[in-house]
Amino acid sequence: MKKKRLALLALPLAGAFALGAAAAGGVQQITAYLRPDVTVELDGYRQVMTDRNGNTVYPVEYNGSTYLPIRALGEMLGQQVVWNPDTLTVALSARTGTPAESLSPAALRSRMTALENRYASLAADLRNTDKASSYAENQNRYGKLEERREAIEDAATFLLIDCREARYGGTLTASEYQALQDRLATLEDQLDTLKDSIRTKFGVYEDGAKTEQALRGEADRLDAELTALRRQVANVEAADSKSVWKTRDDEARADWRSFRTDVRALQLALNDSLRRDVIGYTAYDEIRADADALDTASKELGDRLDRAQARWDGTATQPGAEPSGKDYEGYLDDLAALETDSEALLTDAREFFTSKTQDRDAYRALEKRLDTLDDRADRLEDAVEDSRKLSRQQAHELLSRLDKVENKLDQADNFLDKAEDRYDDDHDDDDHDDWDD
């Protein structure tokens, strides 16, 4: 069925107004209909409405009228929305204005170019991300890329609002405004196409029955693998020499790590499916119970491998302990430092490119910093994925923030690549070496 569209013409809102509970004349129970099939457009651009936590929200139909969530609508129109639970009042007021320097034609064009670069980086990552062997992991890879795609969409919406403000304020000419609108329209089309490409590549279902079947199948597969893994661990425990133990332990630990990764992927995919309303609570609870049992079994097998290791190499490993690992706070500290350093590198790489400097030593220094940060990010990702001290939610939070770090590193790499390309174009004779030589 073709989706319905609800078009909005965005106009500046002067002053502020509030909706109070007193106007309603008392709370009443009604029957309304959630309408996820209604598409909201603002100035011709499709909008994704979200609540304060970033979850998608939809229009509601009641008595033949369609109602939009007030927070989503207000923020869509550039308003600040504040809910006062004590007085049951929703207050809308003009957002703090964007600084004038950010509304200049050059600044707006720069933001547009940055969005186009983010899209190009995301499209490249999609091409370079292989499809996994399990449905759950494919759903998680889809989710990470889709989250980045939605973030670009959101940033494009705010850029459109600022372009409109600049046009109303006279800092953008009609031709400059139209040129930016055309680029935004092209970007929106590209993002819509990319959404379909991400879903197609990873084979993620929106149909609840298919998703439930795929996740149940994943749990059944892991349950069968658990039986084989238990036999492997028993063989490790039964080793009668250190050399035999070492050979069996290496193989068993590799399979155990793969098993644990797949169990975590299943748990995250379940949470994501419930959050997106693809599966219901009944299916979620049933499959989640199986996934949690697999997770418990995984931890027990890890403890048994650690005890066998302690017997042969003398390590004082206790069940569930990770002598060389860190706790959640330790990983947070490492991640915070990595976020700070990656942001600094992105700023320096952007300035290096925009300043059009042709200092080869400075370029190589930035490349070295990039390589170092890439290595740090890879090591931290491996440590988080291997950790048994972290809860599932803690690991997911850390890995999600690491994805954003890696995105910044990709942007920095993109600036450096363009700076190198410009240098090569300017020195295309044989008397100059390339920066990478």
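Does Tyr119 satisfy the condition of being modelled with pLDDT of 90 or more and either outside the structural domain of Thr186 (by TED's automatic domain parsing) or surrounded by 17 or more Cβ atoms within 10 Å (Cβ to Cβ) (or both)?
So Tyr119 passes the test.
Could you grab me the full set of residues in region 192-220 that are farther than 13 Å from Tyr135 by Cα, aliphatic (A, V, I, L, M) and in contact (Cβ under 8 Å) with a residue 40 or more places away in the chain?
Correct list: Leu194, Ile198.
Looking for something polar (S, T, N, Q), more than 30 Å from Lys326 (Cβ to Cβ) and at pLDDT 80 or above - is there at least one such residue anywhere in region 403-420?
Within region 403-420, one or more residues are polar (S, T, N, Q), more than 30 Å from Lys326 (Cβ to Cβ) and at pLDDT 80 or above.
It is to be established whether one or more residues within region 282-290 are of a type in the set (Lys, Arg), within 31 Å of the chain's Cα centre (by Cα) and not in a helix (DSSP H, G or I). Before the answer, list the steps.
As a first pass, look at region 282-290 and keep what is of a type in the set (Lys, Arg): 288.
Cutting the leftovers down to within 31 Å of the chain's Cα centre (by Cα) gives us 288.
Then keep just the ones that are not in a helix (DSSP H, G or I); that gives none.
Checked region 282-290: no residue is of a type in the set (Lys, Arg), within 31 Å of the chain's Cα centre (by Cα) and not in a helix (DSSP H, G or I).
Would you be able to say whether some residue in region 153-163 is at positive phi and either outside any helix (DSSP H, G or I) or in contact with a helix residue (DSSP H, G or I) (Cβ under 7 Å, 6 or more places away or on another chain) (or both)?
Taking region 153-163 first, the residues at positive phi are none.
Checked against the condition, which is being at positive phi and either outside any helix (DSSP H, G or I) or in contact with a helix residue (DSSP H, G or I) (Cβ under 7 Å, 6 or more places away or on another chain) (or both), region 153-163 yields no hits at all.
So if I check each of Glu381, Glu329, Glu385, Glu339, which one is modelled with pLDDT under 80 and more than 25 Å from Arg109 (Cβ to Cβ)?
Values: Glu381 fails: modelled with pLDDT under 80; Glu329 fails: modelled with pLDDT under 80; Glu339 fails: modelled with pLDDT under 80.
Exactly one of Glu381, Glu329, Glu385, Glu339 is modelled with pLDDT under 80 and more than 25 Å from Arg109 (Cβ to Cβ), namely Glu385.
Show the residue pairs that are 6+ apart or on different chains and have beta-carbon atoms under 7 Å apart, the first residue being within region 21-42 and more than 30 Å from Phe158 (Cα to Cα), the second being modelled with pLDDT under 80 and part of a loop (DSSP other than H, G, I, E, B).
Short answer, once both residue conditions are applied: Ala21/Leu88.
Quick one: in region 169-191, which of the residues that are charged (D, E, K, R) and free of Cβ contacts under 8 Å to residues at least 40 places away in the same chain is nearest to Ala124 (Cα to Cα)?
Checked region 169-191; the qualifying residue nearest to Ala124 (Cα to Cα) is Asp189.
Would you check which residues across region 98-131 are among the small types (Gly, Ala, Ser) and either without any contact (Cβ under 8 Å) to a residue 12 or more places away in the chain or in a helix (DSSP H, G or I) (or both) and list them?
Ala100, Ser102, Ala106, Ala107, Ser110, Ala114, Ala120, Ser121, Ala123, Ala124 - these are the residues of region 98-131 that are among the small types (Gly, Ala, Ser) and either without any contact (Cβ under 8 Å) to a residue 12 or more places away in the chain or in a helix (DSSP H, G or I) (or both).
Of all residues in region 222-281, count the ones that are surrounded by fewer than 17 Cβ atoms within 10 Å (Cβ to Cβ), at pLDDT 90 or above and under 20 Å from Lys210 (Cβ atoms).
Here the count works out to 2.
Can you name the number of the only condition in (1) modelled with pLDDT under 85; (2) of a type in the set (Ser, Thr, Tyr); (3) more than 20 Å from the chain's Cα centre (by Cα) that Tyr363 fails?
(1)
Based on what the data block shows, is Val57 aliphatic (A, V, I, L, M) and at pLDDT 75 or above?
For Val57, the condition - aliphatic (A, V, I, L, M) and at pLDDT 75 or above - is met.
Given the criteria surrounded by 20 or more Cβ atoms within 10 Å (Cβ to Cβ) and either over 30 Å from Ser121 (Cβ atoms) or not aliphatic (A, V, I, L, M) (or both), does Phe202 qualify?
Working: surrounded by 20 or more Cβ atoms within 10 Å (Cβ to Cβ): yes; either over 30 Å from Ser121 (Cβ atoms) or not aliphatic (A, V, I, L, M) (or both): yes.
The answer is yes for Phe202.
The values are calculated or read from the model by the stated rules, or taken from the named source; none is laboratory data. In this text the structure is predicted, and so the values were computed from the model without any measurement. Here the Cβ is made from the backbone with ideal geometry for all residues, glycine too, and neighbour counts use every protein chain on show.
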